[in-house]
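Here's the structure, in structure tokens; my notes come after.
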Amino acid sequence: MSSLGRHFILGYGSLINGESRSKTGETGQVWPVKLHGFERHWSVMSVEYGMSSVAVIAAPEKACNGVLVEVPYDQFPLFDEREQGYQRVMITAEQLIAYQDDPLPEGTYWVYHTDGVVEPHHHCPIALSYLDVILSGCLEYGDVFTQDFLTLTQGWTSPLLNDRKAPRYPRVQPELETERLNRLLAPVTTLTIKELSVTYEP
């Protein structure tokens, strides 16, 4: 990888969230975008935390949304470490459509992807502590962007764990207001708003 020019990472999960990004390394300006040629799924990426993550796989006719984040070249090892289990590949400007009218910057674009999907299960469910971070990040870019995250993610019928009182996600943001997040999740997940107010044991 050449250090010349500007480099950008397309974040489509917890990297959408500005506070979450800052826990890993230095980043710059952000552009909300839709990425064509990849589909986002819930997948077991590591059993270490007992939870599943979102991952994208190559899918020519599909798309997902995320944020294009400028990352200084010397910060890439920090993000590569964060995204262990994924492969970082280049994507092209032609695959990106901006949500706003601002032109996208020139540079080298990257995304972390995986070759396959391992469906979440009861030992590695979708964890609300992780999902809360993603959704609160999405809301920074508006309701349309947030609904696109929900619509353009596959695997919502997988087991989901309300771990808010005993979070499994290491970069949890416990101060988040969850009422609005609950309303967003109710139509797509297996838990009702009433169930989201209590914590279940795995």
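Quick notes
- Search result, residues across segment 1-30 that are closer than 15 Å to Ile91 by Cα and under 16 Å from the mean Cα position of the chain (by Cα): Phe8, Ile9, Leu10, Gly11, Tyr12
- Filter pass, Trp42 being out of contact with any helix residue (DSSP H, G or I) (no Cβ under 9 Å at 6 or more places or on another chain), among the hydrophobic types (A, V, I, L, M, F, W, C), within 24 Å of Ala93 (Cβ to Cβ) and surrounded by 20 or more Cβ atoms within 10 Å (Cβ to Cβ): no
- Some residue of segment 33-46 being of a type in the set (Lys, Arg) and either out of contact with any Cys (no Cβ under 8 Å at 6 or more places or on another chain) or more than 16 Å from Phe145 (Cα to Cα) (or both): no
- From the list Gly18, Gly28, the one residue that fits, being out of contact with any Lys or Arg (no Cβ under 8 Å at 6 or more places or on another chain), closer than 19 Å to Arg171 by Cα and either surrounded by 18 or more Cβ atoms within 10 Å (Cβ to Cβ) or of a type outside the set (A, V, I, L, M) (or both), is Gly18.
- In the set (1) within 22 Å of Glu19 (Cα to Cα); (2) touching a Lys or Arg at 6+ places or on another chain (Cβ under 6 Å), Gly137 fails one condition alone, (2).
- The set of residues in segment 83-103 being in a loop (DSSP other than H, G, I, E, B) and acidic (Asp, Glu) consists of Glu83, Asp101, Asp102.
- Odd one out for Ile57 among (1) within 24 Å of Thr157 (Cα to Cα); (2) out of contact with any Ser or Thr (no Cβ under 9 Å at 6 or more places or on another chain): (2)
- Considering segment 95-136, and only residues there that are of a type in the set (Asp, Glu) and in contact with a helix residue (DSSP H, G or I) (Cβ under 9 Å, 6 or more places away or on another chain), the residue that is surrounded by the most Cβ atoms within 10 Å (Cβ to Cβ) turns out to be Asp132.
Throughout, read-outs are computed from the coordinates displayed, never taken from laboratory work. As the structure is a prediction and not an experimental result, all values here were calculated from the model. Please note: Cβ atoms are built from the backbone with ideal geometry, for glycine as well, and neighbour counts cover all protein chains shown.
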